[in-house]
Amino acid sequence: MKIAVVGLGHMGTALVQGLKLGGHTVLGYSSNAKKAEVLQISAVSTYEDLVKADFDVMMLTVPAKLVTAVLAKIVAAGLSEKVIVLSAAASVQNADLRAAAPKNPVTTFIPNIPVAVQAGTIALAADESVTGQNDQVVHDVLESLGDVLVVKEDQLAIAGTIGGCSPAFIDVLMDAMEDAAIAKGMDRKQAGQMIASVVAGTAQLAQQSDLSAGDLKGQITSPGGTTIKGVLALDQHGFRGAVHAAILAAAGD
């Protein structure tokens, strides 16, 4: 599959890396030629050159406020009607995309940074314009980047917050755990490796289990044990409230 990524910022870069790992051919659109060189992909810097290229899917990763304007300009430059347009901006509705590109299949999706290693969590709000073979293409491309969860469009923003922002929250947790391990004499690199392994294993267990997070926690909090003491310390220091506040703040509440 040949895919054009418009915008090579942090998210665009992560998508390019994951798509390349998935065996896709990637074309970048960016004014920064050096960025494309680092990513080892072909790139163009004008909409006219972009539409001359033969690609199947176009991912828009420019800032949300620019998405519809950029898409309209690409369409005006001669975008092929067969190209499937995917926008990675939660605040841009499918109807906005259809208005800017009325003859193209369009839909919104919210990826997160782990797509770079094909371990992403991707929320997809499928649009009515994407049907049949095009729908299969969308799923094939996104599933090569990680887990795809189809959500209602009015839930895309909160799904994007959970999927897109949570990696940073988890990084903060891992960093704090690492510092505590260092305080008790553990080597920083080894502590980091162990914590990353714990997070990965915990996540895998949660995905494969029918138990809730609370029930899974219950499996390792034995009466009077060290783990329940640590959990209570988290509660005493407002950990849950801090998590709630972080997600609601990121969601704009």
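The values are calculated or read from the model by the stated rules, or taken from the named source; none is laboratory data. Computed from a predicted model, the values in this text were never measured in an experiment. Positions of Cβ are backbone-derived with ideal geometry, glycine not excepted, and every protein chain shown enters the neighbour counts. When the accessible area is computed, the model is the full protein with side chains, heavy atoms only, and any ligands, DNA or RNA have been set aside. Shrake-Rupley method; radii C 1.70, N 1.55, O 1.52, S 1.80 Å.
Which pairs, out of LYS52/LYS152; LYS20/LYS73; LYS2/LYS189, put more than 30 Å between their alpha-carbon atoms?
LYS52/LYS152; LYS2/LYS189
What nm value, rounded to one decimal, do you get for the distance between PHE239 and THR202 when each label is placed 7 Å out toward the C-beta?
Each label point is offset 7 Å from its Cα along the Cβ direction, giving 0.7 nm.
Modelling each spin label as a point 7 Å along the Cα-to-Cβ direction, I'd like the ILE182/MET194 distance in nm, to one decimal.
Going from the ILE182 label point to the MET194 one covers 1.5 nm.
What is the Å³ per residue value for the convex hull set by the Cα atoms of region 188-253?
For region 188-253, the hull spanned by Cα atoms encloses 134 Å³ per residue.
If I compute solvent accessible area with a 1.4 Å probe over the protein chains, what percent of it on region 51-159 is carbon and sulfur?
52
Regarding region 136-253, what's the average projected area of the Cα-atom convex hull, expressed in nm²?
Convex hull of Cα atoms, orientation-averaged projection: 9.8 nm².
Along each principal axis of its Cα atoms, how long is region 21-95 end to end? Whole angstroms, biggest number first, please.
Each principal axis gives a Cα extent; for region 21-95 these are 34, 25, 24 Å.
For region 1-48, what is the Kirkwood hydrodynamic radius in Å, using each pair of distinct C-alpha atoms?
When all Cα pairs of region 1-48 are included, the Kirkwood radius is 10.4 Å.
What value in Å³ per residue do you get for the convex hull of the alpha-carbon atoms in region 107-176?
69
Heavy-atom accessible area per residue, the chain, 1.4 Å probe: how many Å²?
55
Translational diffusion coefficient of region 55-189 at 20 °C, 1.002 mPa s, Stokes-Einstein with Kirkwood Rh over Cα pairs, in µm²/s as a whole number.
D, rounded to a whole number, is 133 µm²/s.
GNM, the chain, Cα, under 10 Å: largest mean-square fluctuation among PHE55, PHE239, PHE109?
PHE239
What is the ratio of the Cα radius of gyration of the chain to 2.2 N^0.38 Å, where N is its residue count, to two decimals?
1.16
Measuring from a point 7 Å past the Cα of LEU232 along Cα-to-C-beta, which residues in region 158-201 have an amide N at less than 19 Å?
none
Give the carbon-plus-sulfur fraction of the accessible surface of region 197-253 in %, rounded to a whole number; probe 1.4 Å, heavy atoms of protein chains only.
Looking at region 197-253 in its full context, I get 61 percent from C and S.
What's the longest bit of the chain with no exposed GluC sites (Glu not before Pro), using DSSP loop states and at most 12 other Cβ atoms within 10 Å as the test?
129-253
If we restrict to alpha carbons, what Rg and Dmax does region 170-224 come to, in Å?
For region 170-224, the Cα-based Rg and Dmax read 13.2, 37 Å.
Out of region 116-192, which trypsin sites (Lys or Arg not before Pro) are coil in DSSP terms and have no more than 12 other C-beta atoms within 10 Å?
Here the trypsin sites (Lys or Arg not before Pro) that fit, given the DSSP loop and packing criteria, are LYS152, LYS184.
Kirkwood hydrodynamic radius of region 89-139 from all distinct Cα pairs, in Å?
11.8
Expressed in nm to one decimal, what extension gain is obtained for the pair ASP135 and GLN155 from 0.36 nm per residue of sequence separation less their Cα-Cα distance?
5.2 nm
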